[in-house]
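First up is the structure itself, then whatever we jot down about it.
The values are calculated or read from the model by the stated rules, or taken from the named source; none is laboratory data. Given the structure is predicted, the values throughout are model-derived calculations rather than measurements. We place every Cβ from the backbone using ideal geometry, glycine too, and count neighbours over all the protein chains shown.
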Amino acid sequence: MQPQVQVQAPLLQLNGITKVLKGQEEPRTILSGVDLTVHPGQSVAILGRSGSGKSTLLSLIGLFDRADEGQYFLHGNDITKLPERRAAALRSAEFGFVFQRFFLLKHLTAAQNVAMALVNGQGWSARRKRRQQVMEALETVGIAHLAKSKPARLSGGEQQRVAIARALVRQPRVILADEPTGALDTETGNLVVEVLLNTTRQGCGLVLVTHDHDHARKMGRVLELRDGRFN
Amino acid sequence: MFSGKLRSALVIGGQGIRARKLRTFLSMVSLFLGVLAVVAVQAGSEIAERAMLTDVELQAGKDGTLMGYIPGEKGASGIVETMLKGRSDAVAMISSQAIIGEPGVRPINEGGSPFEYAGRGGDYYGPQMICDASGKCTEQKEQEKKPAGQAIEVSMVALTGDIRQFKPFRPVSGTWLDFASTPSLAPRIVLNEEAAKGLKQYRVPGEMMIEGATHHVTPQIVGVVQDGNGQPRIYMRLDELRTWMPAAAEANDTNRFRGGGTQLEVYLQPGSEDLQQLMKAKLVGAGVEQNHLHFDTVNSKKRMQSELKIMRLIFLGMAFLVLLIGVAGILNVGLATVGERVEEFALRRAVGMSRMLLAGIVLAETLLTGLLTAALAIGAGAAGLQVALAMFGSRFPSLQGTAFPWEAGVAGVIAGLVAGVLGGLIPAIRAARIPIATVMRA
C-alpha cells in the first residue's frame, strides 16, 4: 500500500535517528539522535568531514539500511521498520539516487542505463512507453542526443547526467545525492548541481551530501554533521 | 506483477549473457557434454526400446495374447483347424519347411539358414535330429548328399486367419494374404524380407516342395513383410496348403524333422479362456496328453520394458555424473561473475529491485545458459542420429526411418534446466546478500 500524501506534510521526517555500527570491534555510534525534515521542493545540503556519518544518514533515508533508534516518516507515514520488499518498492517509487561514482553499466547504452531503473520488477511498462520515459529523462538533463552512446564514449559530466537521468526517470519525490560532483571538475560540477536543483522546482525534495561549500550554499538549507549530530 | 518480475529477470538476464559472451560460452562448453550425455542416453534407450519392443511383438506376439503350443499328434491339427475355421479372434499356424526351386537338389541355404551363411559349409542347425511329441530327440542318420542346385530353403508358416492382429508384421511391398477369397490351387505366399532377399539374389525356378505335401506346387508371391525373423520364411493360407498336404500327412515322423508339420501354435485374443478350455477338452478327448498342451499369456514386452528400464537408469546415472561436472563449471563461472558484479547488483537493489528478483536474475542467466546448451545438445543429438543412420542404417534395418525421439528432447531440456538451477543457486543466493550500501562505500 502506498503511503498517503498529506497536504502540507513534510516529504520526509527523521526523529532521533541513531545508528550504531556493530562489527568485530567495539560498537561505534555513527549517528546519534539525528532529526531532519525535508519538504517538497526543498533542497538540503549536508556537510561534514569524512566519517561524520553523511553517507550513513543518506543510506538510512534511502532505505538501504535501518536505524537502530528513532523514527522515520515518509509523507507522514511511519516507515521505520519497513520490511525489505516494501522498502524496495518505496526506493523505486519515491527515491532517486545519484552517487559520486556514476555506476553506469559499461555494456549498456546511456538509454539502457537509464531504463535500468524502470526494469526493476516494480511493475512493467511496454517498451515504447519505457523509451519515451527514458528520452524525457535524458532530455531533462540535456543529453538526449547521447542516448545510444555507451559510457566509455561519454565524459565524466555526461556520465553523471546519465546517472541523474536514471534517478529521475521514475519521477521520484526525493533525490538523494551522495557527493555527485566529487569526481567532476568545478565547471561540470556546477552544471550537475544546477540539474539537480532544477528537480526541486518541480516539487522534488533534494538531499545533497557534499564536501563542497560552494555547492552547499546553492541549496535551500545547509546542515553540518559532526560526531553523528547536526550542529 | 509476477509477469513484470519475470520479464525484468529475463530482460536483465539476457543483457547479462550478451555482456559476457565468452563466459557464457565457457559455461555452455562445460555443460554441453553433460546435457548431450543425457540426451544421448535417453535417445539411445528410446530407440533401442522401440526397436526391440517392436521386434518382440513381431516375433512373440502382442502382450496379453493367449498363445498355445500343441503337438500335432492324434489329429490335433484337424481338431484345431475345425475349431478355428472362420473365427477372427483366434488363429492357428502350422510350421514346416519348404524348398523353392529345382527339385531333388541341395538348397543354397540348406536348413533354411539366413543367406549370409549360405555356402559357408557346415549345417547352420548342427546335427539333424528327429524329435517326438514329448521333446525327446535322436540324431537322424546322415542322408545321402544331394547335388547342389538352384533352390532355396525356407520355413513355411500356414495360417488359419490373419495373424497380424497378434503379430503386427510391417508391410514392405505387395499385399497380405486375403483370407476372405476362395482358396487357390496355386498357393498365394507372402515372403519375409530374408526370403525376398534370397529370391532376389538367386535365380530359382518357381516351383515349391513342401515337406509332407503330395505334389510340388507353383506358388504366387503376393507380398513381402517385415516379420522380425532373420531366417527366410513364407506365409500362406492353411486351407490352400491343405489341397496339397492333408492333415494326416503331418503325423509321420519324417515330417517332424526340424519342426516339420507337427508344430502347431495357436494365438487367442485376451479373454478367450473359454475357447482355450474347449480346445483343451477336445484335444484331451482325442487322446492328446494334457501335459503336452502349453498355453501362456504373452508378456514379453512388459518383461523387456522392465529390463530396459534398469539399463536406462544405470546409463542415466552415469550421464548425470557427467552433467554434474558441467554444473560445477556453471557454478564456478557464476560465482566469479557475481564477484565482479557486486556494484551492479547493489545498484539494482538501490533502484528498487528486491533481493528475490536479484536472485531470480542470476538464476535466469544460468537457466537461459542451460536452455541454450540444451538446445545445442538436442540439435547435436538429432544431427548425430541422422549421421549414424546414414552410416549404419543399412546394417540395422530396424533403425531405418527412426526419428529423433521427443523424449530425448524433453530430457535434454530438463537436464539443461536442472543444471541451470543447480549451477545458479549458490551465485543467486550470494547476489541476493550483497548489501545496497556497497554503492555508498565505493
Could you grab me the full set of residues in the stretch B:406-442 that are assigned to a loop (DSSP other than H, G, I, E, B) and either within 28 Å of B:THR24 (Cα to Cα) or touching a Leu at 6+ places or on another chain (Cβ under 6 Å) (or both)? B:ARG433, B:ILE434, B:PRO435, B:ILE436, B:ALA442
Output for Cβ contacts, cut-off 6 Å, separation at least six or different chains, first residue under 10 Å from B:PRO232 (Cα atoms) in the stretch B:105-116, second of a type in the set (A, V, I, L, M, F, W, C) and assigned to a helix (DSSP H, G or I), reads B:ASN109/B:PHE115
Quick check on my filter: what residues within the stretch A:127-148 are under 23 Å from B:ALA19 (Cα atoms) and within 14 Å of chain B (Cβ to nearest Cβ)? A:ARG127, A:ARG130, A:ARG131, A:VAL134
The conditions are (1) assigned to a strand (DSSP E or B); (2) within 14 Å of another protein chain (Cβ to nearest Cβ), and B:LEU22 fails exactly one of them. Which is it? (1)
Do you know which residues across the stretch A:79-92 are outside any helix (DSSP H, G or I) and either at positive phi or facing chain B (nearest Cβ under 8 Å) (or both)? none
Could you please let me know if A:PHE95 is modelled with pLDDT under 90, more than 7 Å from chain B (Cβ to nearest Cβ) and either closer than 28 Å to A:GLY157 by Cα or surrounded by 19 or more Cβ atoms within 10 Å (Cβ to Cβ) (or both)? no
Can you name the residue in the stretch A:65-92 that is touching a Phe, Trp or Tyr at 6+ places or on another chain (Cβ under 9 Å) and within 23 Å of A:VAL114 (Cβ to Cβ) and, of all such residues, is surrounded by the most Cβ atoms within 10 Å (Cβ to Cβ)? A:ARG91
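One line per residue, one yes/no per condition, for (1) crowded, with 17+ Cβ neighbours inside 10 Å; (2) in contact with a Leu (Cβ under 7 Å, 6 or more places away or on another chain); (3) over 30 Å from A:ARG170 (Cβ atoms):
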| position | (1), (2), (3) |
| --- | --- |
| B:VAL338 | yes, no, no |
| B:MET353 | yes, no, no |
| B:VAL362 | yes, no, no |
| B:ALA374 | yes, no, yes |
| B:LEU389 | yes, yes, yes |
| B:PHE396 | no, no, yes |
| B:ALA403 | no, no, yes |
Pick out the one residue from B:LEU36, B:LEU6, B:LEU58, B:LEU31 that is within 14 Å of chain A (Cβ to nearest Cβ) and either in a helix (DSSP H, G or I) or out of contact with any Cys (no Cβ under 6 Å at 6 or more places or on another chain) (or both). B:LEU6
Among the numbered conditions (1) over 27 Å from the mean Cα position of the chain (by Cα); (2) assigned to a helix (DSSP H, G or I), tell me where B:ALA377 comes up short. (1)
Can you say whether B:ALA60 is buried (at least 18 other Cβ atoms within 10 Å of the Cβ) and either at positive phi or among the small types (Gly, Ala, Ser) (or both), as far as the supplied structure shows? yes
Boolean, B:PHE345 is touching a helix residue (DSSP H, G or I) at 6+ places or on another chain (Cβ under 6 Å), away from chain A (no Cβ under 12 Å) and either touching a residue at least 40 places away in the same chain (Cβ under 8 Å) or basic (Lys, Arg) (or both): no
Looking for whichever is crowded, with 17+ Cβ neighbours inside 10 Å and either outside the structural domain of B:LEU283 (by TED's automatic domain parsing) or part of a loop (DSSP other than H, G, I, E, B) (or both) here; the options are B:GLU73, B:GLU81. Which one fits? B:GLU73
Taking only pairs six or more apart or across chains, which ones have beta-carbon atoms under 9 Å, a first residue in the stretch A:13-28 that is under 11 Å from A:ASP68 (Cα atoms) and touching a residue at least 40 places away in the same chain (Cβ under 8 Å), and a second residue that is assigned to a strand (DSSP E or B) and of a type in the set (D, E, K, R)? A:GLY16/A:ASP35; A:GLY16/A:GLU69; A:ILE17/A:ASP35; A:ILE17/A:GLU69; A:THR18/A:GLU69; A:LYS19/A:GLU69; A:VAL20/A:ARG28; A:VAL20/A:GLU69
Give, as residue ranges, the strands (runs of 3 or more DSSP E) completely inside the stretch B:188-236 that count at least 1 residues that are charged (D, E, K, R) and assigned by TED's automatic domain parsing to the domain that holds B:GLU102. B:188-192
All positions within the stretch A:17-43 that are assigned to a loop (DSSP other than H, G, I, E, B) and of a type outside the set (D, E, K, R): A:GLY23, A:GLN24, A:PRO27, A:HIS39, A:PRO40, A:GLY41, A:GLN42
Single residue of the stretch A:52-66 satisfying the filter (within 12 Å of another protein chain (Cβ to nearest Cβ) and out of contact with any helix residue (DSSP H, G or I) (no Cβ under 9 Å at 6 or more places or on another chain)) that is nearest to A:ASP178 (Cα to Cα): A:LYS54
Determine whether A:PHE102 is in contact (Cβ under 8 Å) with a residue 40 or more places away in the chain, touching a strand residue (DSSP E or B) at 6+ places or on another chain (Cβ under 6 Å), aromatic (Phe, Trp, Tyr) and under 29 Å from A:ILE46 (Cβ atoms). no
Of the candidates B:ALA380, B:ALA350, B:ALA364, B:ALA359, the one satisfying the condition of being more than 14 Å from chain A (Cβ to nearest Cβ) and farther than 30 Å from B:TYR69 by Cβ is B:ALA380
Can you name the number of the only condition in (1) surrounded by 24 or more Cβ atoms within 10 Å (Cβ to Cβ); (2) at pLDDT below 90 that B:PHE345 fails? (2)
Single residue of B:ILE79, B:ILE17, B:ILE47 found to be more than 30 Å from A:THR109 (Cα to Cα) and either within 14 Å of chain A (Cβ to nearest Cβ) or in contact with a Ser or Thr (Cβ under 8 Å, 6 or more places away or on another chain) (or both): B:ILE47
Starting from residues that are more than 9 Å from chain B (Cβ to nearest Cβ) and among the polar types (S, T, N, Q), keep the ones in the stretch A:99-124 and report whichever is surrounded by the fewest Cβ atoms within 10 Å (Cβ to Cβ). A:THR109
Number of the condition not met by B:ALA92 [criteria: (1) among the small types (Gly, Ala, Ser); (2) more than 18 Å from B:GLU240 (Cβ to Cβ); (3) modelled with pLDDT of 80 or more]: (2)
In the stretch B:271-283, is there at least one residue being surrounded by 14 or more Cβ atoms within 10 Å (Cβ to Cβ), of a type in the set (D, E, K, R), modelled with pLDDT under 90 and under 32 Å from the mean Cα position of the chain (by Cα)? no
